[in-house]
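Asks: Below is a structure I'd like to ask you about.
The values are calculated or read from the model by the stated rules, or taken from the named source; none is laboratory data. This is a predicted model, so every value here is computed, not measured. Methodologically, a virtual Cβ is constructed for each residue, glycine included, from the backbone with ideal geometry; neighbour enumeration extends over all protein chains shown.
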Amino acid sequence: MPHSIPRRTGGVPLALAAFLIWGLLPAYFKLVHDVPPLEFVGWRVLFSLPVCLVLLVALRQTGTLVASLRQPRVLAYLTASALLIGCNWTVYVLIIQQGHIFAGSLGYYINPLMNVVAGTLFLGERLSRAQWVAVGIATAGVAILAAGATATLGWSLMLACSFAAYGLVRKKAPVAALPGLTVETLVLALPGAAMIALFHGPSGVALGQSTGHDLLIAASGVMTAIPLMLFAMAAQRMDYSIIGFFQFIAPTMVFLQGLLLFHEPLQPVQLASFVLIWLALGVFSWDLWRRARA
């Protein structure tokens with residue numbers, strides 16, 4: 001149907017930007033590795049809130065925020081999505097700071113498959129034959145990688161499931177991206193403050209040690225809020241099963257950082273999985289381009 005093409009492709013630049021930023025997170029986490037992981041999650045929440053509020057004022061969306069806070073149905077959706085993304089942040093920071101970079105990469109390789117399942121089961125979306133072939137190839141690649149990573153597979157599955165569920169809830173929530181993200185950070189603000197108070201290091205909270213270090217921690221607000229806002233905007237403009245395949249960008253960047261920056265050893269089975277997953281992405285992207293051109 002011709003009218004479906006703009007809806008499917010209108011969010012492509014937004015999705016690309018979001019996943020490119022997410023792909024750089026391990027390198028950023030390496031710069032703040034001395035901050036205890038649970039304390040750092042708390043700072044991510046607290047520093048995301050002012051970023052959201054500044055953007056709300058700049059884009060004149062404060063009225064939408066107030067309206068969202070007055071609607072119980074919207075608040076229920078956003079409370080659920082806030083808890084899901086909070087869980088995702090915590091698991092991801094724990095994985096990266098413990099040095100399991102490939103486990104984080106695997107989690108976000110699995111996530112697009114979860115998105116396809118969610119899109120077809122809950123949103124009535126349909127894939128073409130070529131796209132199902134891509135799903136099959138990607139599943140084989142993930143299965144190969146999972147077979148050699150059973151010790152950390154649970155962490156990877158938690159990452160994949162929490163983010164797939166988050167994206168599904170945000171797509172269903174009747175609220176714009178930025179006001180929705182602001183409500184989510186408001187919901188997480190108190191738990192975030194509690195995590196800072198309870199899980200800081202033995203020498204006290206990480207903030208206040210030096211100006212450069214404080215700026216790095218404060219940057220977590222931008223690194224958190226901006227890609228989430230872009231992702232939410234993209235999810236409202238694209239089929240959920242399709243946006244998931246753009247997420248192969250982020251875990252591939254994470255995979256390469258694990259290899260080149262964190263110096264994790266690359267096993268042959270991991271290389272085979274890497275090749276299969278990118279082959280799947282090529283098939284899926286070719287079919288999407290062909291249908292859009294037609």
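Asks: Output the number of the condition that R291 fails; it satisfies all remaining conditions of (1) modelled with pLDDT of 85 or more; (2) surrounded by fewer than 19 Cβ atoms within 10 Å (Cβ to Cβ).
Replies: R291 satisfies every listed condition except (1).
Asks: Would you check if P26 is free of Cβ contacts under 8 Å to residues at least 12 places away in the same chain and under 19 Å from the mean Cα position of the chain (by Cα)?
Replies: When the stated conditions are applied, P26 does not pass them.
Asks: Can you pull out every residue in the range 215-263 that is more than 27 Å from T185 (Cβ to Cβ) and either part of a helix (DSSP H, G or I) or at pLDDT 90 or above (or both)?
Replies: The answer is S241, I242, F245, T252, F255, L256, G258, L259, L260.
Asks: While we're here: Among the residues of the range 191-213, what is the count of those that are surrounded by fewer than 10 Cβ atoms within 10 Å (Cβ to Cβ) and either assigned to a helix (DSSP H, G or I) or in contact (Cβ under 8 Å) with a residue 60 or more places away in the chain (or both)?
Replies: So the answer is 2.
Asks: Can you name the condition, by its number, that A58 falls short on among (1) in contact (Cβ under 8 Å) with a residue 60 or more places away in the chain; (2) more than 27 Å from L281 (Cβ to Cβ); (3) among the aliphatic types (A, V, I, L, M)?
Replies: The number of the failed condition is (1).
Asks: Something else about it: Hey, among T139, T79, T62, which residue is surrounded by fewer than 20 Cβ atoms within 10 Å (Cβ to Cβ), touching a helix residue (DSSP H, G or I) at 6+ places or on another chain (Cβ under 8 Å) and within 21 Å of I277 (Cα to Cα)? Spell out the reasoning first.
Replies: Details: T79 fails: within 21 Å of I277 (Cα to Cα); T62 fails: within 21 Å of I277 (Cα to Cα).
Checking each option against the conditions leaves just T139.
Asks: Related question: Among what's in the range 165-190 and is aliphatic (A, V, I, L, M) and within 27 Å of V32 (Cα to Cα), pick the residue that is surrounded by the most Cβ atoms within 10 Å (Cβ to Cβ). Break it down into steps so the answer makes sense when it comes.
Replies: First, pick out the residues of the range 165-190 that are aliphatic (A, V, I, L, M): 165, 168-169, 173, 175-178, 181, 183, 186-190.
With the extra rule that they be within 27 Å of V32 (Cα to Cα), the set shrinks to 178, 181, 183, 186-190.
Details: L178: 22, L181: 30, V183: 23, L186: 18, V187: 20, L188: 24, A189: 16, L190: 10.
So the residue we want is L181.
Asks: Could you grab me the full set of residues in the range 250-271 that are surrounded by fewer than 18 Cβ atoms within 10 Å (Cβ to Cβ) and polar (S, T, N, Q)?
Replies: Passing the criteria: only Q267.
Asks: Continuing with this model, one more query. Tell me the residue from Q131, Q97 that is buried (at least 18 other Cβ atoms within 10 Å of the Cβ), in contact with a helix residue (DSSP H, G or I) (Cβ under 8 Å, 6 or more places away or on another chain), over 30 Å from A193 (Cα atoms) and not basic (K, R), please.
Replies: Testing whether each residue is buried (at least 18 other Cβ atoms within 10 Å of the Cβ), in contact with a helix residue (DSSP H, G or I) (Cβ under 8 Å, 6 or more places away or on another chain), over 30 Å from A193 (Cα atoms) and not basic (K, R) leaves just Q131.
Asks: Look at A147 and say whether it is closer than 26 Å to G11 by Cβ and touching a residue at least 60 places away in the same chain (Cβ under 8 Å).
Replies: When the stated conditions are applied, A147 does not pass them.
Asks: Go through I85, I110 for me and flag whichever is in contact with a Ser or Thr (Cβ under 8 Å, 6 or more places away or on another chain), at pLDDT 90 or above and either surrounded by 21 or more Cβ atoms within 10 Å (Cβ to Cβ) or under 20 Å from A165 (Cα atoms) (or both).
Replies: On the way: I110 fails: at pLDDT 90 or above.
It is I85.
Asks: Among the helices (runs of 4 or more DSSP H) confined wholly to the range 83-179, which include 3 or more residues that are within 14 Å of the chain's Cα centre (by Cα)?
Replies: On the way: elements: 101-122, 129-147, 153-172.
Filter on the range 83-179 gives 101-122, 153-172.
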